[in-house]
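The structure appears right after this line, and notes come after that.
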Amino acid sequence: MNPQLFFLATTTDIFETGRSLFSLDAQTFIDAGMNMFNFILVAAFLTWLLYKPVKKVLAARAERIENDLASAAANNLSAQELKAEYEQKVSEIEKERVSILDDARKQANEKRHQILDEAKADAQDIKARASKDIAMETAQMKSAVVNAIVDISTDMAARLISTSIDKSAHDKLFTEAMEELEATTAFKADAVAI
Amino acid sequence: MEFAIRVFARLNITDNIYLLITDTTRSTWIVMAILLVFAIIVRIKSRNWDASKKPSGLQNVLEMAVDAFEKLYKGNAGEKMAFLMPWFFSLFAFLILSNLIGIVGIRPPTADWGMTLPLAVSSFVLFQFAGLKNRPKAYLKSIFLEPVFLFAPINIMGEIAKPIALSFRLFGNVLGGMILLSLLYGMAPLALQFVFPAFLHMYFDLAAGALQAFIFIMLSITFVGLAAEE
């Protein structure tokens, strides 16, 4: 096939005129084919020598960042778990603290009641002992009064015997004896009241 | 003033068909050499790169560039066609350098339709592949039966128009900038050929060059994404 018939224009004296800026001739398409081949060559080398190394580094960095993010997420999860565990422990400790305080209050109340009961018992003992002492003192007082009466009676009898007793002397002696007895009895009664 | 593509050598294949070593070929080889040397340096340096350490210098810049491109690509083409990312990354690097090389006085390879056409065709092949791979029935239906089968020729023309539009957009913009700057150098007085062209270079080579490379890539990626999506 003759390209001169097929295409719109052809180049003849190409060294002198140069190739035209635009023509739809065979030469244009041959040049286009050669340029395509040149560009395919450039694209292959650029991909191999430039694009792939850069992409490799970018991919490695992206992978490293993803790993770091995954690691950070795992650490975050671990921290969350530790925090939950810590909060649970704090909650348990709080419960234990409340429980200990309640027990302490309960024990303190029990102890208070026990001390009060013991104090009351001691007071009852002291009161009982005091009552017993009072009764003994009263009995002793009564015995002392009796002894005094006996002594006064004895003394009166001695005086009656030792002297001649007339009616007036008898009355006088009796009155004196009674006054002494009253005085002794009043003294003892005051002592018991105290 | 001569804007034709100069021919340095000719290798005959048949009587009428031959390989030409042109301005475009030479510029393409220069761009290829720069990219390859840079890629080899990166490859050598990458042996010492450690992912666990903070990146710096060249590593930092390249990581940022690749990462930004990956986000751009996945944002427009989705995850399904992620395996095409190295191709489009290489295409972007090639186009950027091809468009910017005019700054140093070398004719940009993309100022030749013979260069932009195969790149656009490669994108066309890839987005057809994306559609046929991910949803063959729905994709074919969208071309031949939607909205009704009578529209099939229009849809087919629409598909064919995509690489043609892609290639002509890039070719026209780069060539236009190159012609304007050549006219300036050829026609402006000598006094205006200093300092002043720097601003025009900043726009036509730097800004427009980078922008056109970005548009080419964005459109290609978007076509891939549209073809691949359910």
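The values are calculated or read from the model by the stated rules, or taken from the named source; none is laboratory data. Quantities reported herein were computed from a predicted structural model and do not represent experimental measurements. Every residue, glycine as well, gets a Cβ built from its backbone with ideal geometry; the counts of neighbours run over all protein chains shown.
No other residue among B:Phe3, B:Phe38 is part of a loop (DSSP other than H, G, I, E, B) and out of contact with any strand residue (DSSP E or B) (no Cβ under 6 Å at 6 or more places or on another chain) apart from B:Phe3. Note on the range A:43-62: residues that are of a type in the set (Gly, Ala, Ser) and either in contact (Cβ under 8 Å) with a residue 24 or more places away in the chain or more than 7 Å from chain B (Cβ to nearest Cβ) (or both) total 3.
Scanning the range B:1-20 for residues being crowded, with 16+ Cβ neighbours inside 10 Å and either aliphatic (A, V, I, L, M) or out of contact with any Leu (no Cβ under 7 Å at 6 or more places or on another chain) (or both) gives a total of 5. Put simply, of A:Ile65, A:Ile40, A:Ile93, A:Ile30 the only residue that is more than 14 Å from every other protein chain (Cβ to nearest Cβ), of a type in the set (A, V, I, L, M) and either without any contact (Cβ under 8 Å) to a residue 40 or more places away in the chain or at positive phi (or both) is A:Ile93.
Filtering the range B:192-228 to residues that are among the hydroxyl-bearing types (Ser, Thr, Tyr) and closer than 15 Å to B:Ile179 by Cα leaves only B:Tyr203.
Checking A:Leu77, A:Leu49 one by one, the residue that is closer than 30 Å to B:Phe69 by Cβ, among the hydrophobic types (A, V, I, L, M, F, W, C) and more than 22 Å from the chain's Cα centre (by Cα) is A:Leu49 and no other. Of the residues making up the range B:27-44, those that are more than 7 Å from chain A (Cβ to nearest Cβ) and surrounded by fewer than 16 Cβ atoms within 10 Å (Cβ to Cβ) are B:Trp29, B:Ala33, B:Ile34, B:Val37, B:Ile41, B:Ile44. The set of residues in the range A:15-27 that are within 20 Å of B:Leu175 (Cα to Cα) and more than 7 Å from chain B (Cβ to nearest Cβ) comprises A:Ser23, A:Leu24, A:Asp25.
Table: residues versus (1) at pLDDT below 85; (2) surrounded by 14 or more Cβ atoms within 10 Å (Cβ to Cβ).
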position	(1), (2)
A:Met1	yes, no
A:Ile14	yes, yes
A:Ala32	no, yes
A:Val57	no, yes
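Under 23 Å from B:Val7 (Cβ atoms), modelled with pLDDT under 90 and assigned to a helix (DSSP H, G or I), is that true of B:Gly172? Considered against the rule, which asks whether it is under 23 Å from B:Val7 (Cβ atoms), modelled with pLDDT under 90 and assigned to a helix (DSSP H, G or I), B:Gly172 comes out as no.
The residues in the range B:178-215 that are in contact with a helix residue (DSSP H, G or I) (Cβ under 7 Å, 6 or more places away or on another chain) and without any contact (Cβ under 8 Å) to a residue 24 or more places away in the chain can be counted, and the count is 5. Here B:Glu70 fits the description: modelled with pLDDT of 90 or more and among the charged types (D, E, K, R).
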